[in-house]
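Q: Supplied in structure tokens, the structure appears directly below.
The values are calculated or read from the model by the stated rules, or taken from the named source; none is laboratory data. Just so it is clear, the model here is predicted, and its values are computed rather than measured. Cβ atoms come from the backbone with ideal geometry, glycine included; neighbour counts cover every protein chain shown.
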Amino acid sequence: MSDTKPLRLLHSVAHAAERLDVSRSYVYEMVNRGELRALHMGSKLRIPESELVRWIAERLEGGDGDAA
């Protein structure tokens, strides 16, 4: 039996920040600037996994990041 966890479809701001290795405030800034799309679920903000993957891919393709 495998110990792998299923992939989350939606992330809290804290978990998204952990996945991207940035601060929670930076995730909020990215959402406010429109760089990262998020869902408002009541008072909670959730970031889709696909948005994290897209954001990383854009930086690797020469976007606003400093990919090595």
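Q: If you go through the range 15-58 one residue at a time, how many are in a helix (DSSP H, G or I), more than 11 Å from the chain's Cα centre (by Cα) and charged (D, E, K, R)?
A: From the range 15-58, those in a helix (DSSP H, G or I) are 15-20, 24-33, 49-58; that's our starting set.
Narrowing further to those that are more than 11 Å from the chain's Cα centre (by Cα): 25, 29, 32-33, 57-58.
Filter once more, keeping what is charged (D, E, K, R): 29, 33, 58.
Qualifying residue count, the range 15-58: 3.
Q: Right, something else. For Glu49, indicate whether it is at pLDDT 95 or above and touching a His at 6+ places or on another chain (Cβ under 7 Å).
A: Details: at pLDDT 95 or above: yes; touching a His at 6+ places or on another chain (Cβ under 7 Å): yes.
When the stated conditions are applied, Glu49 passes them.
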